1. Between residue 60 and residue 9, with labels modelled 7 Å along Cα→Cβ, what's the label distance in nm to one decimal, could you check?
2. State, to one decimal in nm, how far the label point of residue 75 lies from the label point of residue 20, with both points 7 Å from Cα in the Cβ direction.
């Protein structure tokens, strides 16, 4: 998967996570501007959680068992997730 494909995939998955959170909330007929800060934070948390899960999966699936043999983008992702 190229970096552009990865970005598109992560964006779609984050959007799905936000959509699932909004659907579970049950008030889709209301505009976003009526959401409270805690609701916006919950949507952000859903998207961030989705990113972390996808990132961990990508690290796991990257060929090369030793961290030094992984690609630089996976090394950067690993550093970001572990920071």
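1. Simple spin-label model gives 1.4 nm for this pair.
2. 3.3 nm
Bear in mind that the values in this text are calculations on the coordinates, not laboratory data. As the structure is a computational prediction, the values presented were derived from the model and not from experiment. Glycine gets a Cβ as well: all are built from the backbone with ideal geometry, and neighbour counts include every protein chain shown.
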